[in-house]
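*Asks:* Could you have a look at this structure, given as structure tokens, before my questions?
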Amino acid sequence: MVSGELANEADLLAQSRLGNTRAFDRLITLHRDRVYMVAYHILRNNEEALDVVQESFLRAWKGLARFDGTASLGSWLSRIASNASIDVIRRRQAHPQTEFEAVPMAIDAASRTTPAQPAKPGESVDQAEIRERFERALGTLSPEHRAVILLKEIEDLSYQEIADTVGCSIGTVMSRLFYARKKLQTELRDLYEEL
């Protein structure tokens, strides 16, 4: 029984645990953007991120009884998405594509409503090259290191939120961030010197 407007997330969670799929659908609506962003920032692929979102909510539905409320629901869902994304990367590394690789597509979320400003001559080439170099440098990181650097630098999560999301201690988060930053600095040193 979901009334027209359940008061808050706790009510939705309680109803979902009783098997109420409408309440769970409302929870999905509340958290889908965050879950997508976690998956996309780790995977850097729209289709794979969308698949991970579906997988994450399926895992969440099946695991609602195990959610103890220690972390926030958003952090728990982000952790599921992070783990599912890392699984995709591991599968990708185990079975690399050889033919017909997907062409990466950068889509500006605001592009449907805001006209893009034309780039200055040469600027778009420089930006594309920088983006490509950065993507390659990210690819040299392990999935665990990539997850923490993206959650910190792109999502701007606190150390505690990252720890809750990836399921490790704050010390481990700090260590992984340190290692990831050093590795990126090494990989991109010549690029920094040019800028």
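No lab work stands behind these numbers, since they all come straight from the coordinates. All values reported here derive from a predicted model rather than from experimental measurement. Neighbour counts run over all protein chains shown; Cβ positions are idealised from the backbone, glycine included.
*Asks:* With +1 on the Cβ of every Lys and Arg and -1 on the Cβ of every Asp and Glu, and nothing else charged, how large is the dipole of segment 120-195 about its Cα centre, in debye rounded to the nearest 20?
*Replies:* 280
*Asks:* Over all alpha-carbon pairs in segment 8-95, figure out the percentage whose distance exceeds 15 Å.
*Replies:* Pairs farther apart than 15 Å: 55 percent.
*Asks:* Here's a follow-up. What does the highest-first list of 175-183, 83-91 look like by mean Cβ count within 10 Å?
*Replies:* Peptide ranking by packing, descending: 83-91, 175-183.
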